[in-house]
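Trainee: My questions will all concern the structure given below.
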Amino acid sequence: MDSAEAIKQDNGLKPLQESVHSTLLSAVAEADAPGLPASSSKSSAKEPASTSVRLRQAAAEFSGTMAAGIAGCAAWALLERVPSGGLARVAGTGVISGSARVLAKGALETLLLSKSDRTTSTADFAWGVVDGFAGVAGSLADARVGRAFASALGMRYLGADIGVEMAELTGRKAIESSLADRLLSYTVRGIGGGAAGGFAWSVPHSLYNHRNQLDTGQGWADAGKEVAFNCAFGAGVGGALGASITAAGNARDIVGYAAARLKGDADVSRVTLLHFNDLHSSLVGERGTLSQLATEVSTLRARSAAANRTAFLFDLGDNYSGNVASSFTGVGYVETKGINLLKPDAFIAGNHVADIGRGRVDVGAWVNNIQRISRELDRELPALGTNMELVNYPGFAGPSGKIYKPYRILQMKGRDGALERVGVIGLTTEELSETAHGEVLYLNAKKEGQRWIDHLNKPQSEGGEGVNRVIALTHLGRSEDIKLATQVRGISYIAGAHSHDAEPVLLWARNPETLWDVPIMQAGCKGKWLAETNLAFKKNGAADKYRSFTTVHPIHKGIAADETLSRFIGQAVPSLTPLSSRAYSAAVASDFPLEGIRGQYGKQTELGTLVATATREGVNSHLPSINAERAAQHLE
């Protein structure tokens, strides 16, 4: 099930196991209530029952309440998917809940008690309805609290200015991948659901218990105290159950984190991995710019150096296209050179690396840009192209690539300060080949990935590199990254792109062949975030799940702009900076205000006039220089 479907389902009821805490607390409270309903106490005129009988009666009450609560939740969820209408849904839930209580309590009393000690009666049906809707209330509250908690968690990780849906999706990812967030989430949900279920159960029971005192203020006060106690009791039980059940289900990870804390870093080597992806020509923007991202990179590199730890910077492709600015940046020249001014340790191509609009590509311009930037910077660019070849430019990329190489070897400081080697490969989606209409040959990502990892792992004496730590830079998408982790041996870390997923914490996927836990990380898109992973390598090359962690840094205009990048962008595309900072006014002649554009199709609006005027002026002002530049490069 994908994350969007999970959110959709949560708009109804959560699965039954998530509402057990509500029904369980109801049962316990009912068994210990000050008094059972009169119709459920047939033996009131008899001698007091023995302790053994009372315990068995309590067990029957417990089972009846539990059955009613679970049945109510199930009925409510099922009837939500049936076009039965609200009234039918309520009635159906009540009938099923009441029947479940009568059947469950009656069956257990038949097994445990003599006929004279049984208390099941028709009144149990009514109390079963109460129990069922208490369970429903608890479960609905559980779901509501879960959504609110996930949204708050998402905003804490990615910033308060993200949308509500993205915040909730991000929070769910964190809960899925982080033990601490998962424990806190289910504890908070248990508290909320337990309190709501306790309230819904307690109000009718408390009013019944104090029915003869409700003509006095003291009677209402006593009933209120009982409701408050049951709410608090329900919250406590719900929270405890949420935490304990979650902890029990994640015992392996709890033990792993505890053991890692005791071990320290004596047997691991640490490295800082910084990466971003899918910039899509976002050189300037509302949240921040490439210049702010450059400043954050410098800050984190300095912090890592102060900790005596090596930092690597990776760019994962799609720096170009997807923004109006790309019309003026020379088929990605400005974006690619700007990023290379940051001195990345490796970068890969995305599927938009050669876009020129209208579904067309200019592979020649891409090749020329890379060669031009390499000459201007007077150094080899750290490009990776493990699984692609350019048909018309042999040797540019792929297994025999001289520019986009199949792999690179980086060096990092080890535990004792000695240099250790790390291999890096770069895998690009098949969509690049499809867009390029045969000019770019796609090589199977999994097959080529395994081929070059095996080469890197092979001892130098046998023609390999003798490296057991391999970082995969990918432009494949989140789902393909998970497949890569589980189907390709020997990957230590996956820095991903293409699907624009902003992962709040490391996503771990286990390779069944090596039993390695492989971390996957992706930093959203458009330069909005920069991922920083503090990766702990084991001696065998695998990442240590319990000693590796990540931080996603939001990029915003509160970060000082890097002067070098700002100067370069301002000189290369002089209109971008004033264009982004200019305050536009829509005060043009029109009968239709901006807030009234709906329903005005086919008629002039202020918004349409603004967009058309800006587009015309922008294109006209740039056409001479663009045409001259492309003519100088012998391009169309």
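Each value in this text was obtained by applying a stated rule to the coordinates, not by laboratory testing. What you see is a predicted model, and the numbers here were worked out from it, not measured in a lab. Positions of Cβ are generated from backbone atoms using ideal geometry, with glycine treated the same way; all protein chains shown enter the neighbour counts.
Trainee: Using the structure shown, select from Lys446/Lys538; Lys405/Lys483; Lys263/Lys539; Lys413/Lys538; Lys458/Lys539 the pairs with a Cα to Cα distance greater than 18 angstrom.
Mentor: Details: Lys446/Lys538 24 Å; Lys405/Lys483 23 Å; Lys263/Lys539 14 Å; Lys413/Lys538 14 Å; Lys458/Lys539 16 Å.
Violating the 18 Å Cα-Cα cut-off are Lys446/Lys538; Lys405/Lys483.
Trainee: Another question, then. State the answer as a single residue: which of Leu153, Met166, Leu183 lies farthest towards the positive end of the charge dipole of region 148-192, with beta carbon charges of +1 for Lys and Arg and -1 for Asp and Glu, about the Cα centre.
Mentor: Leu183
Trainee: Which Cα, out of Val297, Ala325, Asn340, lies furthest along the positive dipole direction of region 261-344 (beta carbon charges, K/R +1, D/E -1)?
Mentor: Val297
Trainee: What is the set of long-range amide H partners of Ala311 at a cut-off below 5 Å, with H atoms built 1.01 Å from backbone N?
Mentor: Thr272
Trainee: About the Cα centre of region 325-467, what is the dipole size in debye to 20, counting +1 per Lys and Arg Cβ and -1 per Asp and Glu Cβ, all else neutral? Each step should come with its number before you reach the end.
Mentor: On the way: 17 positive and 18 negative charges, 55 e Å.
Here the size comes out at about 260 debye.
Trainee: If I take all pairs of Cα atoms in region 406-524, what percentage of them are more than 17 Å from each other? Don't jump to the answer; show the numbers that get you there.
Mentor: Working: 4093 of 7021 pairs.
Taking all Cα-Cα pairs of region 406-524, the fraction more than 17 Å apart is 58 percent.
Trainee: Something else now. Which distance in Å, rounded to a whole number, links the C-alpha centroids of region 115-171 and region 345-395?
Mentor: Answer, in whole Å: 52.
Trainee: Quick one: which residues, 5 or more positions from Asn319 or on another chain, have an amide H under 5 Å from its amide H? H modelled 1.01 Å from N in the peptide plane, none for Pro or chain starts.
Mentor: Close amide H contacts, sequence-distant or interchain: Leu279, His280, Gly350.
Trainee: If you don't mind, there's one more thing I want to ask. Can you list residues from other chains, or at least 5 along the same chain, whose modelled amide H is less than 5 Å from the amide H of Leu476?
Mentor: Answer set, sorted by chain and number: Ala497.
Trainee: Let me ask something else. With both bridge residues required to lie in region 432-581, what share of the DSSP beta bridges run antiparallel, to the nearest 5%? Don't skip to the end; give the middle numbers.
Mentor: On the way: 12 of 18 bridges.
Bridges in region 432-581 that DSSP calls antiparallel: roughly 65 percent.
Trainee: Quick one: what are the phi-derived ³J(HN,Hα) couplings along region 175-181, Karplus 6.51/-1.76/1.60 with θ = phi - 60°, whole Hz, x for glycine and proline?
Mentor: 5, 5, 9, 10, 4, 4, 5
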